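A short worksheet on the structure shown next.
The values are calculated or read from the model by the stated rules, or taken from the named source; none is laboratory data. Quantities reported herein were computed from a predicted structural model and do not represent experimental measurements. Neighbour counts are summed over all protein chains in view; Cβ atoms, including those assigned to glycine, are modelled from backbone coordinates with ideal geometry.
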Amino acid sequence: MPHSLLWNWLQPRWRGWVLPGLVASLMVYTADQLLTGERGLVTWRVMRAQLAELQTDKSKLEDQIVTLQGQISRLKGESQGAGRYGPPDKDFVDELLRRDLGVLKDGEAVILLNQAP
């Protein structure tokens with residue numbers, strides 16, 4: 001008998017807070033997912049920053065590719081068709097030899113200067 005008295009006392013009160021409690025819990029969960037979820041606003045802002053950084057890196061790499069393609073074409077020389085190329089740019093080859101390998105001609109001297117920071 002005490003069980004039924006307790007149930008009769010809880011039943012009207014239980015109905016009054018269960019549905020609002022469930023709705024409130026659902027709203028809190030939805031707001032949390034909107035802000036911090038896998039596709040939430042915080043993640044979206046982080047991904048936009050990463051995208052901007054990657055686009056900057058991409059443009060730098062494209063500039064390097066253009067520079068390297070120019071150097072390759074100077075080393076290959078002029079295209080003469082059918083996969084044949086003329087002589088390379090002698091001044092460019094001379095510059096590369098001096099800069100990268102330290103090759104000097106007879107009678108030349110190297111003067112090292114301190115580089116400013």
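Give segment 81-117 a look and list any residue that's part of a loop (DSSP other than H, G, I, E, B) and either β-branched (Val, Ile, Thr) or closer than 16 Å to residue 70 by Cα (or both), or say none. Hits for segment 81-117 are 86, 87, 88, 89, 103, 110, 111. Would you confirm whether any residue within segment 53-69 is acidic (Asp, Glu), more than 25 Å from the chain's Cα centre (by Cα) and on the phi < 0 side of the Ramachandran plot? No - not one qualifying residue is present in segment 53-69.
Yes/no matrix, rows are residues, columns are (1) assigned to a helix (DSSP H, G or I); (2) closer than 30 Å to residue 92 by Cβ; (3) at pLDDT below 90:
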| position | (1), (2), (3) |
| --- | --- |
| 8 | yes, no, yes |
| 11 | yes, no, yes |
| 22 | yes, no, yes |
| 25 | yes, no, no |
| 31 | yes, no, no |
| 42 | yes, no, no |
| 47 | yes, no, no |
| 64 | yes, yes, no |
